[in-house]
Amino acid sequence: MVWSSQAEADEAGLPTLGFSHPSLYLTHTRVDQTLGHEMTHVISDHARNPVVRTGLINEGIAVYHDLTGADKLALARRVIAQQEPRPLRVSVPALWQDWSLAPNTFSYPLAGAFVKMLIDKGGKEKFLEFFPDQSYAHARQIYGDDLQGWIDDFEAKVYDTP
């Protein structure tokens, strides 16, 4: 369901928009939110049946498929550079294991850029193999020794501004 505003959803007794309930094939979003994000939660849930979900990967795939066409790495760099307190820097493995370590304004763009990197480096097939168990340990099994190097390179690109 698409709402014209949060106030309209508040009147209906709903929590903060947007959110989805994949088991019900249901999304609630505002008209000004990205078109693909919440739909991606529903589609990916039914397409791959994840049994272990993590914020980094589950939100990352939704940001990656938000249909905005935005450069995910540039967006993450810009948003992270604007965070307070400065410098806010959370390692990818730490955020992977504890999604609450950073505010959503930081973690969502980072997650979208990270998922894009995983797909670009490891390929779509490996990502689809990995997706049902989104744990860091499972990623290490699927991607092997390459994963840590990819993470190091990714963190350097995101956090180290010229």
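Within segment 90-123, the set of residues being basic (Lys, Arg) and within 16 Å of GLN141 (Cα to Cα) comprises just one member, LYS121.
Residues that are small (Gly, Ala, Ser) and in contact with a helix residue (DSSP H, G or I) (Cβ under 7 Å, 6 or more places away or on another chain) within segment 27-58 comprise SER44, GLY55, listed in sequence order.
Selection of segment 132-159 for residues being among the charged types (D, E, K, R) and under 15 Å from MET117 (Cβ atoms) yields ASP146, ASP152, ASP153, GLU155, LYS157.
Selection of segment 49-98 for residues being hydrophobic (A, V, I, L, M, F, W, C), within 30 Å of LEU24 (Cβ to Cβ) and surrounded by fewer than 17 Cβ atoms within 10 Å (Cβ to Cβ) yields VAL51, VAL52, LEU67, ALA70. ALA76 falls short on exactly one of the conditions (1) in a loop (DSSP other than H, G, I, E, B); (2) among the small types (Gly, Ala, Ser); (3) touching a Leu at 6+ places or on another chain (Cβ under 7 Å), and that condition is (1).
Residues in segment 131-162 that are in contact with a Leu (Cβ under 8 Å, 6 or more places away or on another chain) and either within 19 Å of VAL63 (Cβ to Cβ) or β-branched (Val, Ile, Thr) (or both): GLN134, ALA139, TRP150, LYS157, VAL158.
Within segment 51-75, the residues that satisfy the criterion of being farther than 18 Å from PHE127 by Cβ and either touching a Cys at 6+ places or on another chain (Cβ under 8 Å) or hydrophobic (A, V, I, L, M, F, W, C) (or both) are LEU67, ALA70, ALA74, LEU75. For segment 9-51, the set of residues classified as in a helix (DSSP H, G or I) and under 15 Å from THR68 (Cβ atoms) consists of HIS37, GLU38, MET39, THR40, listed by residue number.
Only residues that are hydrophobic (A, V, I, L, M, F, W, C) and at pLDDT below 90 were counted across segment 32-57, and they come to 2. Looking at GLN83, GLN141, GLN148, just one residue is of a type in the set (S, T, N, Q), in a helix (DSSP H, G or I) and touching a Phe, Trp or Tyr at 6+ places or on another chain (Cβ under 9 Å), and that residue is GLN141. Confirm whether GLU84 is closer than 30 Å to TYR159 by Cα and modelled with pLDDT under 90. Answer is yes for this residue.
No other residue among LYS72, LYS124 is basic (Lys, Arg), modelled with pLDDT of 95 or more and over 14 Å from the mean Cα position of the chain (by Cα) apart from LYS124. Of all residues in segment 13-29, those that are under 13 Å from TRP3 (Cα atoms) have Cβ atoms under 6 Å from Cβ atoms of residues that are assigned to a strand (DSSP E or B) and among the basic types (Lys, Arg), 6 or more apart or on another chain, in LEU17/ARG30. Of the residues making up segment 19-43, those that are surrounded by 20 or more Cβ atoms within 10 Å (Cβ to Cβ) and closer than 25 Å to VAL92 by Cβ are SER20, HIS37, GLU38, THR40, HIS41.
The values are calculated or read from the model by the stated rules, or taken from the named source; none is laboratory data. What you are looking at is a predicted structure, and each value in this text was computed from that prediction instead of being measured. Here the Cβ is made from the backbone with ideal geometry for all residues, glycine too, and neighbour counts use every protein chain on show.
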